[in-house]
1. For region 129-172, which residues satisfy the criterion of being over 17 Å from the mean Cα position of the chain (by Cα), open to solvent by 70 Å² or more (accessible area, probe 1.4 Å) and either acidic (Asp, Glu) or at pLDDT below 95 (or both)?
2. Answer yes if at least one residue in region 207-222 is free of Cβ contacts under 8 Å to residues at least 24 places away in the same chain and in contact with a strand residue (DSSP E or B) (Cβ under 7 Å, 6 or more places away or on another chain), and no otherwise.
3. All but one of (1) loosely packed, with under 15 Cβ neighbours inside 10 Å; (2) among the hydrophobic types (A, V, I, L, M, F, W, C); (3) more than 23 Å from the chain's Cα centre (by Cα) hold for Leu260; state the number of the condition that does not hold.
4. What are the residues in region 188-203 that are over 19 Å from the mean Cα position of the chain (by Cα), closer than 15 Å to Gly158 by Cβ and touching a residue at least 12 places away in the same chain (Cβ under 8 Å), if any?
5. Quick one: Tyr237 ticks every box in (1) open to solvent by 50 Å² or more (accessible area, probe 1.4 Å); (2) touching a Phe, Trp or Tyr at 6+ places or on another chain (Cβ under 8 Å) bar one, so which box is it?
6. Thr214 - would you say it is open to solvent by less than 60 Å² (accessible area, probe 1.4 Å), within 26 Å of Gly81 (Cα to Cα) and out of contact with any Lys or Arg (no Cβ under 6 Å at 6 or more places or on another chain)?
Amino acid sequence: MNSKFAVAFLAGAVACGAMAEGSGWAYNPGEGLSYNEDPVVKAEFGLSLDSKYMTYGCVDGKDPILTPSAKITFADWMYFGLESIFDVTKGNGKRGGYGNRAGEWTTLDAIVGVSHGFELNDDLTLNVDANYIYEYIRRYHSDMGDTQYLNLEIGLEGLLIEPTLAIERDLMADDGTYVNFSLAHTFDLVGEGEDAVLTFTPSIGQGFGDKHRTRGYELARDHGGLMDTTIMGEFEYTLSDNVTLGAYLAYSDYWFDSRLRDGAREYNSAWGNNSSYDNSWNIYGGVSVTVAF
């Protein structure tokens, strides 16, 4: 080995050893890379399978969908993400008017956002997430259905009943606004606190849409109001430090506004020729896996 190269190699090895032992750099599975215990970068990959394609408590696809996603977060503040929806069967595309795309992707979301948890005291954390999404809709007969969203989500963690407020603003498709307020509580089934291996979280959420959102979703012509009420139960199982499995079952309906309830019935009825789709309520569920690095 060349003597100069050997010296450089040994110097590099010593420098790397010093970084690993004394520089403050550390890597923990599921928590990412940190420096002096401050987060630097973390990556997550997810895959979910849903029994139906649901939006605002309405059926956008009666057959299952597969959703892969990826996200990278810097300094526990800024993140970038990608998410895509794949049809599992040909039914969604045929009924939805965009052809047979069984096993093929239909939408692609590019996401950039800021998210952080602010510790208000030893037990209470304020979680804030603000993001921008560009949603690319795969073309069919040159139709362009892309849209953009601005989202804000605020939640309190550490209370007996944890509230979350989510606001979605559509910038292209219908210029509408959708708001959802939910309440949830997490039960530790196996383990406790940060060491919980299996948890169960029941929740109830209520959506509201302005007249632009309800018109864009063909629920009413010039009438906004209370939209979907959703009751959900979610299980989460920590398989290892960086692998989490999830499952959920949900029920949604338009309880509080008869005009929007009628609109939801008509919207859902397009997915079938029998009475099973001619209603405003739906029961659906799904499973997921998340791998964090």
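The values are calculated or read from the model by the stated rules, or taken from the named source; none is laboratory data. Every value quoted in this text rests on a predicted model; they were computed, and no experiment measured them. For neighbour counting, all protein chains shown are included, and Cβ atoms are generated from backbone atoms with ideal geometry for every residue, glycine included. To get the accessible areas, we keep the full protein, side chains included, count just its heavy atoms, and leave off ligands, DNA and RNA. Shrake-Rupley method; radii C 1.70, N 1.55, O 1.52, S 1.80 Å.
1. Result: Arg138, Arg139, Tyr140, His141, Ser142, Asp143, Met144, Glu157, Met172.
2. no
3. (1)
4. Ala196
5. For Tyr237, the failing item is (2).
6. Against the criterion (open to solvent by less than 60 Å² (accessible area, probe 1.4 Å), within 26 Å of Gly81 (Cα to Cα) and out of contact with any Lys or Arg (no Cβ under 6 Å at 6 or more places or on another chain)), Thr214 does not qualify.
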